[in-house]
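Enquirer: Got a structure for you, written out below as structure tokens; questions coming shortly.
The values are calculated or read from the model by the stated rules, or taken from the named source; none is laboratory data. This structure is a prediction, so every number in the text was calculated from the model and none was measured. FYI the Cβ positions are ideal-geometry reconstructions off the backbone, even for glycines, and counts take in every protein chain you see.
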Amino acid sequence: MDGSLIDSTRGYHESSTLEAVIQARNAAQSAGGRAAANPGDPQAMRELGGAEAGLSGALSRLMVVAEAYPDLKANQNMMQLTEELTSTENKVAFARQAYNDSVMTYNTKRELFPTNLIAGLFQFAAAELFQVDSAAERQAPKVSFT
């Protein structure tokens with residue numbers, strides 16, 4: 001997310017809400033990096049899920065604050081920020097699906113002959129799917145200001 005977009009909308013929001021969004025975004029990016037570096041680590045995947053849930057919650061609070069400012073909805077910077085948030089959520093959903101597709105392919109191949117011989121010899125462990133346990137966490141935050 002472009003920091004300049006957040007900075008340009010800062011005057012409309014409670015600073016604590018924006019800071020929460022920024023911190024949650026940074027935590028999600030950091031957890032994403034750890035999960036990408038070690039996709040077979042269940043703990044890294046759980047941390048990524050928790051970080052993304054935190055980001056969704058922070059974005060939801062941002063939307064509630066934005067609703068309290070009628071002139072904010074028409075602000076060009078806020079409309080651009082909304083578009084960026086929507087785009088980011090779409091990218092995250094695509095990345096989750098691509099990751100899970102890769103995990104399924106990997107797990108299938110490590111079980112089939114002859115690759116199962118090599119997988120057993122080198123002790124390749126099964127990778128874990130990225131799953132979100134809570135139904136509330138699965139729902140993307142609404143980013144509509146209209």
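Enquirer: Scan the range 21-43 for residues that are out of contact with any Leu (no Cβ under 7 Å at 6 or more places or on another chain), among the small types (Gly, Ala, Ser) and at pLDDT below 80 and report the count.
Expert: Total satisfying the criteria: 3.
Enquirer: Given the residues 3, 11, 57, which is the only one that is of a type outside the set (A, V, I, L, M, F, W, C), at pLDDT below 70, touching a helix residue (DSSP H, G or I) at 6+ places or on another chain (Cβ under 9 Å) and over 15 Å from residue 131 (Cα atoms)?
Expert: Answer to the check: 3.
Enquirer: Is it true that some residue in the range 101-118 is under 18 Å from residue 29 (Cβ atoms), loosely packed, with under 15 Cβ neighbours inside 10 Å and out of contact with any helix residue (DSSP H, G or I) (no Cβ under 9 Å at 6 or more places or on another chain)?
Expert: No, the range 101-118 contains no residue that is under 18 Å from residue 29 (Cβ atoms), loosely packed, with under 15 Cβ neighbours inside 10 Å and out of contact with any helix residue (DSSP H, G or I) (no Cβ under 9 Å at 6 or more places or on another chain).
Enquirer: For the range 42-58, name all the residues that are within 25 Å of residue 125 (Cβ to Cβ) and free of Cβ contacts under 8 Å to residues at least 60 places away in the same chain.
Expert: If the condition is that a residue be within 25 Å of residue 125 (Cβ to Cβ) and free of Cβ contacts under 8 Å to residues at least 60 places away in the same chain, then 43, 44, 46, 47, 50, 51 are the ones that fit.
Enquirer: Scan the helices (runs of 4 or more DSSP H) fully inside the range 71-146 and keep the ones with 1 or more residues being at pLDDT 75 or above and touching a Leu at 6+ places or on another chain (Cβ under 6 Å).
Expert: Hits in the range 71-146: 76-111.
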